[in-house]
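The values are calculated or read from the model by the stated rules, or taken from the named source; none is laboratory data. Worth saying up front: this structure is predicted, and the values here are computed from it rather than measured. Here Cβ is always computed from backbone atoms with ideal geometry, including for glycine, and neighbour counts include all displayed protein chains.
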Amino acid sequence: MSYTIESARNIFSNTQVADAVPATTAMFAELNIDDQLAFLWYAYAELGRTITPAAPGKANLQLMEGIFNDIKQMSHEQQTQLMRDLASNADTPISRSYAYFGVNAKLGFWWQLGEWMKQGIVAPMPAGYQMSPQVKAVLEAVQRIDQSQQITVLRNTVVNMGFDPSLADNKQAEIINFKFPRASLSPQFTIEGVTDATVLKYIEAMNADNFEAAVALFANNGALQPPFQKPIVGREAITAYLRDEGQGLVMKPTKGVSETIEDGYTQHKITGTVETPWFGGNVGMNIAWRFLLDPQGQIYFVAIDLLASPKELLNLTRK
Ligand code: EQ3
């Protein structure tokens, strides 16, 4: 039997993923624009009761100095309109610039706005704001999920804001992204039950932000499937994706299972935690990597799943 990306998606198909994330993100998308902004403010404040994201660092924030200066000059009404424009994907100059921010730059942009909202430099939530029942319902849904799922919902909403770059004329524009300093030594690790060289090299390369080395492990037509997304196919597309989304992640795989299947293919399921540079060791996301390697030992397919619960870390049954 020869695999297709579609059939590869079904390896270890009994893996339970955190379905509450897309469900809550969909509830959020149903809110009107002002309710979306209000929800984000309250969800962010709620999260901030226990953990707050790390400040992104001066050098990173300087990348958007021009836009920040413009925002500081605006009236509170204009600032509120700017936030509405971003949330509604409107075609405005700032909304277009935002489209060319990488994921971490988008998060950093809102981090700065959030700080300035607290200080009154950017328009805060109106005094006496009354939450609509719809906002309340989404907030309650968010309170029911664990912290790693909450930050994923927040991140998804921020990523989806701004003008859609596929509609812009300047499709080749340079993506502005943040870099996070790494400790000089990547975390040492062994994966109980897995010794496959390709899998170990993948984790090692990702923990050093060495995306070229990680992508060199893929077959030409190989694919990477991020949590809740369709597979990204081909080395070039995977490199672009990892440069945008993989920066500064710390991967801590702990255990796994390997087996040879048909025609020299091997499959490996590894579980462990992944930390984002925003929250460091305070939030460990429970993750599974489901690898399918071709007979040459190259990655034909890898899915990254955000797991439904810590219990899933122990689910290594071969299906
Ligand atoms: C200002 C305020 C509060 C109010 C305003 O009205 C609206 C908004 C938006 C506001 C601001 C909100 C803010 C600042 C939110 C910040 C949220 C943050 C910092 C969230 C960060 C989340 C990061 C996550 C969930 C990262 C997850 C990464 C994963 C799971 C990566 C997995 C991967 C692995 C393991 C691989 O092997 C391959 C690559 C891949 C990337 C898929």
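Listed values, structure above:
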| read-out | value |
| --- | --- |
| Residue among ILE270, ILE304, ILE287 that is under 15 Å from THR152 (Cβ atoms), touching a Pro at 6+ places or on another chain (Cβ under 7 Å) and not acidic (Asp, Glu) | ILE304 |
| Residue within the stretch 46-61 that is buried (at least 18 other Cβ atoms within 10 Å of the Cβ), of a type outside the set (Ser, Thr, Tyr), within 13 Å of the ligand (Cβ to nearest atom) and under 17 Å from GLU140 (Cα atoms) present | yes |
| Residue selected from the stretch 84-128 under the condition part of a helix (DSSP H, G or I) and of a type in the set (Phe, Trp, Tyr), by the criterion surrounded by the most Cβ atoms within 10 Å (Cβ to Cβ) | PHE109 |
| Residue in the stretch 172-189 that is at pLDDT 95 or above and in a loop (DSSP other than H, G, I, E, B) present | no |
| Elements of type strands (runs of 3 or more DSSP E) contained in the stretch 209-319, each with 3 or more residues being of a type in the set (A, V, I, L, M) and crowded, with 16+ Cβ neighbours inside 10 Å | 218-225, 250-260, 285-293, 299-306 |
| Residue list for the stretch 62-82, filter: exposed (fewer than 11 other Cβ atoms within 10 Å of the Cβ) and without any contact (Cβ under 8 Å) to a residue 40 or more places away in the chain | GLN62, GLU65, GLY66, ASN69, GLN73, SER75 |
| Some residue of the stretch 240-252 being more than 15 Å from the chain's Cα centre (by Cα) and not basic (Lys, Arg) | no |
| Residue, nearest to the ligand (Cβ to nearest atom), within the stretch 225-250, restricted to residues that are among the aliphatic types (A, V, I, L, M) and in contact (Cβ under 8 Å) with a residue 60 or more places away in the chain | VAL250 |
| Members of the stretch 273-294 found to be within 11 Å of the ligand (Cβ to nearest atom) and either among the hydrophobic types (A, V, I, L, M, F, W, C) or in contact with a His (Cβ under 7 Å, 6 or more places away or on another chain) (or both), listed by number | VAL274, TRP278, PHE279, VAL283, MET285, ILE287, ALA288, TRP289, PHE291 |
| Residue that is of a type in the set (A, V, I, L, M, F, W, C) and within 21 Å of ALA127 (Cα to Cα), where the choices are PHE39, PHE12, PHE101 | PHE39 |
| Near pairs, Cβ below 6 angstrom, 6+ apart or cross-chain, from the stretch 33-45 (of a type outside the set (A, V, I, L, M)) to any residue that is in a helix (DSSP H, G or I) | ASP35/GLN134; ASP35/VAL135; GLN36/ALA87; PHE39/VAL135; PHE39/VAL138; TYR42/LEU139 |
